[in-house]
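The values are calculated or read from the model by the stated rules, or taken from the named source; none is laboratory data. Because the structure is predicted, anything quoted here is derived from the model rather than measured. Here the Cβ is made from the backbone with ideal geometry for all residues, glycine too, and neighbour counts use every protein chain on show.
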Amino acid sequence: MRHESDKQPGRFGPPGDAPRVIDQGSVWIMVAAPTLWAIHFVASYVLAATWCAKAGPALSEPRWIIVAMGVVCIALIAWLGMMAVRRYGGVFVIFEEITESSERGRDKFIGHVSLLLCVLSVMAIVFTTLPGFMFSTC
Amino acid sequence: MRNAVFLISPLLLGGCAGRHNWLAGAGAEAARIEQLFWVLLIGAVVIWCTIIAAAVYANRRQVDPKLERQARWFIIWGGAVIPTFLVSGLLIWGMVILRDITSDSGDITVRVDGERWWWRVIYDGPDGDVVTANEIRLPVGQTALFRLTADDVIHSFWVPALGGKMDMIPGRETTLALTPQKTGSWGGLCAEFCGGAHALMRFDAVVMEPEDFDAWLAAEAAPAQVAEGDPGLAIFLEEGCGACHSIRGTQAAGPVGPDLTHVAARERLGAGIYAMNADNMARWITETHEMKPGIDMPPYPDLDGARLDRLVTFLMSLDHAE
């Protein structure tokens, strides 16, 4: 899974072999899950606020949209978690300290942090979605 | 000296008692919030003691690499998994309480409109709206559904002894259901800063036996008992008071200020801040802004002597019919 570009800094491989954003060596996977939560959070608030201002006191339809958006975001985060395990070698619990200065050590650390952020982001999305289940009015 | 201050400090909690005591158990909704409060408080104390005990234990023990793995599991469960479940449980519990107290049903309906800085109160009477102000009377044991609105800025309706507070938002209606469990006069207030006299925007929530409440509502619905040619009413109208205040049964039908039909039947004056008596009423008319700075009502400092006495006598006669 190691890219040519990783071995030779400053050079990309042949067309079709460009480095993927979510792949070994890239740190973007760490911000991806919290970003999905942030998008879901803002979208939920904008949707509920607009709906309440324009459509009235009942919140029955938009709450299902918020739930659907939450399901999509959680599915994407699950995929990110899978990538963190497969491509970065991430695990939930690290029992040995990562002390070696190696690509493998760094990848494992990024995978570990990404996995934890995935869990945190899923919890945050669930917490954002829960009020939609509990309250049917604005 | 320091120890003495420490020992005496719990006495300051006495300031939390009284008419605004949200631990008074005076309302079913307040009792549910209180239950959540005690669980949170006791839970926080237990967790804090456990963590401090663990820290002391860890500090005194020799480092044992064999326990490293156990310690990591302890951190994962104690620092992440269990708190997640606890916070989720508390969130759901709190939301269930909030959902119930914002429900849309009740035995009686009371509309309350927040104004700067007083409360317009409207009951659904058998013969139509019963408008009053700055005092809310409720029957014990019955759920009162409050429909809350605001006329100018955001206010917040709160009777701490009866339950949680609810924002009053211009252009929107919010609801709050309160079920009083104890008779008595409880304090209500605005819990959202709304301008200069915000701290003086108060009201009384008087909880009565249901039959007393019915009698009160019937008396409140009746027009004012004003004798024909009452000189106080004449002064009231000549001074232009009727442009802002209503007194049902008279020509005064101003919609701007508090309805004064039965003003003398209320416990307090000036939106829950002064005792209702003739001296305070006279001062309210002549030194309005000294008593409550910033309000829209202009003072009438030139009104004195016999005219003021007649006006005050008239206003203090606006009680319920015997």
- Query: Restricting attention to the stretch B:284-307, and to residues there that are crowded, with 18+ Cβ neighbours inside 10 Å and not β-branched (Val, Ile, Thr), which single residue is nearest to B:Val131 (Cα to Cα)?
  - Reply: B:Met297
- Flagged in the stretch B:248-280 as closer than 17 Å to B:Leu233 by Cα and either in a helix (DSSP H, G or I) or polar (S, T, N, Q) (or both), in numbering order, are B:Thr250, B:Gln251, B:Thr261, B:Val263, B:Ala264, B:Ala278
- Query: Could you say which residue among A:Thr50, A:Thr35, A:Thr99 is under 18 Å from A:Val21 (Cβ atoms) and not aromatic (Phe, Trp, Tyr)?
  - Reply: A:Thr35
- Message: Checking A:Pro57 against (1) farther than 23 Å from B:Leu90 by Cβ; (2) under 15 Å from the mean Cα position of the chain (by Cα): exactly one of these is not met. Which one?
- Response: (2)
- Query: What is the one condition in (1) more than 14 Å from chain B (Cβ to nearest Cβ); (2) surrounded by 16 or more Cβ atoms within 10 Å (Cβ to Cβ); (3) free of Cβ contacts under 8 Å to residues at least 12 places away in the same chain that A:Pro131 does not satisfy?
  - Reply: (1)
- Sort through B:Ala30, B:Ala44 and tell me the only one that's surrounded by 10 or more Cβ atoms within 10 Å (Cβ to Cβ), of a type in the set (A, V, I, L, M), under 19 Å from B:Ile101 (Cα atoms) and at pLDDT 70 or above. B:Ala30
- Residues in the stretch A:85-129 that are of a type in the set (A, V, I, L, M), within 22 Å of B:Thr84 (Cα to Cα) and assigned to a helix (DSSP H, G or I): how many? 11
- Limited to the stretch A:78-103, what total is found for residues that are modelled with pLDDT under 85, more than 14 Å from chain B (Cβ to nearest Cβ) and within 25 Å of B:Trp77 (Cα to Cα)? 1
- Query: With B:Arg60, B:Arg69 as the choices, which residue is of a type in the set (Lys, Arg), within 14 Å of another protein chain (Cβ to nearest Cβ) and more than 40 Å from the chain's Cα centre (by Cα)?
  - Reply: B:Arg69
- Query: Any idea which of (1) surrounded by 15 or more Cβ atoms within 10 Å (Cβ to Cβ); (2) in contact with a Ser or Thr (Cβ under 8 Å, 6 or more places away or on another chain); (3) at pLDDT below 95 is the one B:Ser103 doesn't satisfy?
  - Reply: (1)
- In this structure, does A:Ile65 turn out to be outside any helix (DSSP H, G or I) and surrounded by fewer than 16 Cβ atoms within 10 Å (Cβ to Cβ)? no
- Note on the structure: Just one listed residue, out of B:Gly114, B:Gly188, B:Gly163, is modelled with pLDDT under 95, surrounded by 20 or more Cβ atoms within 10 Å (Cβ to Cβ), under 12 Å from the mean Cα position of the chain (by Cα) and not hydrophobic (A, V, I, L, M, F, W, C), and it is B:Gly163
- Message: What pairs come out if I take residues in the stretch B:84-113 that are under 25 Å from B:Val131 (Cβ atoms) and at the interface with chain A (Cβ under 10 Å from one of its Cβ atoms) and pair them with residues that are assigned to a strand (DSSP E or B) and of a type in the set (Val, Ile, Thr) whose C-beta lies under 6 Å away, six or more apart or interchain?
- Response: B:Thr102/B:Thr175; B:Asp104/B:Thr175
- Name the one entry in A:Val122, A:Val113 that is under 13 Å from the mean Cα position of the chain (by Cα), within 11 Å of chain B (Cβ to nearest Cβ) and crowded, with 16+ Cβ neighbours inside 10 Å. A:Val122
- Message: Suppose the filter is farther than 24 Å from A:Met123 by Cα, small (Gly, Ala, Ser) and surrounded by 11 or more Cβ atoms within 10 Å (Cβ to Cβ); does B:Ala80 pass it?
- Response: no
